[in-house]
Amino acid sequence: MATLSTMTDPLAAVDAAVDRAAAALSGAQRADGHWVFELEADCTIPAEYVLLRHYLGEPVAEELEAKIGRYLRRTQSAEHHGWGLFHKGAFDVSATVKAYYALKMIGDDPAAPHMVRAREAVHKAGGAEAVNVFTRIQLALFDAGPWSVVPTMPPELILLPRWFPIHLSKMSYWARTVVVPLLVLCAKKPVARNARGIKVDELYTRRPIDRKTQAADPKWVWTKSFNALDKVLKVAEGRWPRTLHQRAIETCAAWVTERLNGEDGLGAIYPAMANSVMMYDVLGYPEDHPARAIARQSVENLLVIHEDEAYCQPCVSPVWDTALAAHAMLEAGGADNVARAEAALDWLKPRQVLDVEGDWAEERPGVRPGGWAFQYNNAHYPDLDDTAVVVMAMDRAQVADRMPIDRGVEWTVGLQSRNGGWGAFDADNDYDYLNNLPFADHGALLDPPTADVSARCVSMLAQLGEGLDSPRMAAAIAYLRKEQEPEGSWFGRWGVNYIYGTWSVLCALNAAGLPADDPAVARAVGWLKAIQNPDGGWGEDCDSYALDRKGHVPAPSTASQTAWALLGLMAAGEADSEAVERGVDWLVANQEADGLWGQEYYTGGGFPRVFYLRYHGYPKYFPLWAVARYRNLKRSNTRQVAFGM
C-alpha cells in the first residue's frame, strides 16, 4: 500500500533499503578496515580435512569432528541420497565417496539409514571405481583403493626443460601448487596411519567403469598419446636413476618451501596446503619442523566453527570481499560509508605485491610486480581480477597516492595475452592439449583468458581514461566481441555464469564508450531481459556449465545474480526500463530483517563442472551496490554509469 513518503518520493523505499544495507555491511567490517565473509565449497573440503587428520594420525578432535559430521549429514541430498557440488545439485560420485568415508571415519555406522542410502547411490553410479583422479589418489593414500588406477606422475616432471610439451609453467597456478607436492606423494606411495583401520571396501562394485573427462574439448589424438605415455611411465616406474629421482624429489620439496606463504599456505588453497603437509610428513619432517608446522597451521586457519556445525573452507577471500564491499559503500555514498570504504582501501594498500616476481614472470619476464592476491597473502600468485577491482576502487575514491594504481595498471597490461584477453593469474596459459592428460580429468588444468576477467581489466583501463584507439584496448574489445555467445550473453568463468559474464562485459563496454545501440550491447541487453524471472529477479544454476548446454534454463532468483543483471543493464543505459524497476523491486522486497540478503544457492565459480563456491558476501554487498546505483542514476541527469563497475 502506498504511503505518503512513497507518493512524494518514489525512491523512498530504495533509500531505506540502501541505508539499512549499508549500516549492516558497516557492522560486518573488521576493526582494521577489511571485510571477509565465509567461503563455502561442497562437502569434499571438510571431508578431506577429516581424512587428513586421520592420515597424519593426529589425536581425534571429537567435538570438531562431531560438528563436521552434522554439517555433512545436513548437506546430504534428500532426493538422490548422496552429495552434490552445490546447493540442490545433482549427485556426484566423487563428493559422495569422500563424504561417506569421512562420516565413517568420524564414527557413523555403515548400517545407519543415511549411510545405507549413500552407499546404494554410489553403487548405482558405478561404485568407488567411478571417482575422479584426485579421489582415487585420496583412496590410495589410505590403502582403500589401488595405485594402479592413478595416472603416473613422476617427480622428474619438475626437472623437465620449459620447452618440453608437459611443463609445470604451462599449467595453471592452482594445478601447479596442487601437483608439485602430489608428485612426491605419488612417488613415495605412503599409507595413512589411520589408527582405526577404517576403509570403504563396501563402496566398490568390482565392475569395470568407463571414466569420463570434464574437459570442454578433449582431442582423441592427444588423449590416446598421453594414455600411451602413462602406460610407458607405469612400466618405467621404479627404474629411474636413483640420483635423478632423489634430485627431483628434493627439487619438489624446495619448490614448495619457497612458496609456503607462511600461515596462509601453499597457493593459499586447501588442496595444495593439505598436500604440502602430507609431503613433509612422508619426507620425514617432524611435526615441529618450521615448514611442516606452519603448513599444518595454514590448514587449520581455514576452519569455520559454529555452535552446532563446522566445515573447512577451500580458501579465504578477504581482498576480494574488501574491494567489492568498498565499491558498494562508495556507491551508497554519505560521509560514513565513504569513510568506511577509505578505511578498506587503507587496509588493501600494503597488500599490493610489489617485491615478488611470482610464477607469472616465467611467461612475462621483465614485468614489474604490482598485483593483489585474493587471500590475505599469496605473493607468488596475485590475480588480475582482484587487481583491477582494487585499482578501480582506489581511483573512484580519488586516493592521494597514485603509486598503487600506476603499479597495478603496469602489471595488468604486462599480463595481457596474445589474443587480447586476460587470464586470472598468468598470460597465455592456453596449452589446451594438456587437458587431455590422464590426471587432468577435471578439465581445469589451465588458466586461459576469459571474458569476465578480461572485462574487468578493460573496465579498469577505461575508467582510468584509456581510449578505444589504444592498440591493447582495441585488441581487448575485439576479444570480447569474439567471445559473445550467439544468444547475446558472455560466459562467466569465475561466477555463475552467463549472468555474471554478461554483467562484467556490459560494464566494460560502457566504460570503454560503446553506445547502447552497439550490436553487442543491444544483444546482451535483450538476453538479460528475456531471462528475467516472473518475480522480477534473476537466477541461473551451476548446471549452466554443462557441456551440452543449449540455452538458459530458468532457476530461482538470487540476490547476487539479480544484482549483477541490474548492474549490467544499468551500465547499458537501462536505468529507466521496466526490467530494472522490477529487479530493484525484487531486491527491496527480499531484503531481510538484518538489512542484508540471504542466499543458499552457489553463484561462485571454481572449476566448471567440478567445483563451485558459495560466497557468503555476495548477497551482502552486490545487492547494496545495485539498489544504490539505481537510486543514484534515477536522481541524476544523465543516467550514465561513470565507473568501470
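The values are calculated or read from the model by the stated rules, or taken from the named source; none is laboratory data. Quick caveat: nothing in here was measured; it's all calculated off a predicted structure. Cβ coordinates were reconstructed from backbone atoms using ideal geometry, including for glycine residues, and neighbour counts include every protein chain displayed. For accessibility, only protein heavy atoms count, side chains too; no ligands or nucleic acids. Shrake-Rupley method; radii C 1.70, N 1.55, O 1.52, S 1.80 Å.
Here are the numbers for the structure shown:
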| read-out | value |
| --- | --- |
| Enumerated helices (runs of 4 or more DSSP H) restricted to the range 7-89, each holding at least 3 residues that are out of contact with any helix residue (DSSP H, G or I) (no Cβ under 9 Å at 6 or more places or on another chain) and touching a residue at least 40 places away in the same chain (Cβ under 8 Å) | 62-75 |
| Residue within the range 102-111 that is over 27 Å from P190 (Cβ atoms) and of a type outside the set (S, T, Y) present | yes |
| L244 open to solvent by less than 60 Å² (accessible area, probe 1.4 Å), modelled with pLDDT under 95, farther than 30 Å from K124 by Cα and more than 26 Å from the chain's Cα centre (by Cα) | yes |
| Options A478, A462, A474, A444; residue that is touching a strand residue (DSSP E or B) at 6+ places or on another chain (Cβ under 6 Å) and either open to solvent by less than 20 Å² (accessible area, probe 1.4 Å) or farther than 30 Å from A95 by Cα (or both) | A444 |
| Residues that are in a helix (DSSP H, G or I) and open to solvent by less than 40 Å² (accessible area, probe 1.4 Å), drawn from the range 576-586 | A579, V580, G583, V584, W586 |
| Unmet requirement for L437, which otherwise passes all of (1) modelled with pLDDT under 95; (2) over 21 Å from the mean Cα position of the chain (by Cα); (3) on the phi > 0 side of the Ramachandran plot | (3) |
| Count - residues of the range 484-497 that are open to solvent by 20 Å² or more (accessible area, probe 1.4 Å) and either over 19 Å from T558 (Cβ atoms) or outside any loop (DSSP other than H, G, I, E, B) (or both) | 4 |
| Residue tally, condition on the phi < 0 side of the Ramachandran plot and open to solvent by less than 10 Å² (accessible area, probe 1.4 Å), over the range 262-290 | 9 |
| Residue match in the range 638-645 (condition: open to solvent by less than 50 Å² (accessible area, probe 1.4 Å), of a type in the set (K, R) and touching a residue at least 40 places away in the same chain (Cβ under 8 Å)) | no |
| Failed criterion for L514 (all others in (1) open to solvent by 10 Å² or more (accessible area, probe 1.4 Å); (2) in a helix (DSSP H, G or I) hold) | (2) |
| Of all residues in the range 522-545 being over 27 Å from the mean Cα position of the chain (by Cα) and over 16 Å from S557 (Cα atoms), the one that is surrounded by the most Cβ atoms within 10 Å (Cβ to Cβ) | R523 |
| Options V97, V178; residue that is closer than 27 Å to D430 by Cα, in contact with a helix residue (DSSP H, G or I) (Cβ under 7 Å, 6 or more places away or on another chain) and not in a loop (DSSP other than H, G, I, E, B) | V178 |
| Residue match in the range 375-398 (condition: in contact with a Leu (Cβ under 6 Å, 6 or more places away or on another chain), assigned to a helix (DSSP H, G or I) and of a type in the set (K, R)) | yes |
| Odd one out for A118 among (1) open to solvent by 10 Å² or more (accessible area, probe 1.4 Å); (2) farther than 23 Å from N275 by Cα; (3) free of Cβ contacts under 8 Å to residues at least 60 places away in the same chain; (4) assigned to a helix (DSSP H, G or I) | (1) |
| Residue in the range 587-602 that is among the aliphatic types (A, V, I, L, M), open to solvent by 20 Å² or more (accessible area, probe 1.4 Å) and assigned to a helix (DSSP H, G or I) present | yes |
| Neighbours by Cβ (under 8 Å, 6+ apart or cross-chain): first from the range 151-169, on the phi < 0 side of the Ramachandran plot and buried (at least 19 other Cβ atoms within 10 Å of the Cβ); second polar (S, T, N, Q) and part of a helix (DSSP H, G or I) | P155/T251; I158/T251 |
| Residue list for the range 585-603, restricted to those being over 14 Å from N533 (Cβ atoms) and either touching a helix residue (DSSP H, G or I) at 6+ places or on another chain (Cβ under 7 Å) or among the polar types (S, T, N, Q) (or both) | V588, Q591, D594, G595, L596, W597, G598, Q599, Y602, T603 |
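Residues are listed down the side, and each one gets a yes or a no for (1) open to solvent by 30 Å² or more (accessible area, probe 1.4 Å); (2) at pLDDT 95 or above:
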| site | (1), (2) |
| --- | --- |
| H552 | yes, yes |
| Q561 | no, yes |
| M570 | no, yes |
| E574 | yes, yes |
| F607 | yes, no |
| R614 | yes, yes |
| Y618 | no, yes |
| A626 | no, yes |
| R629 | no, yes |
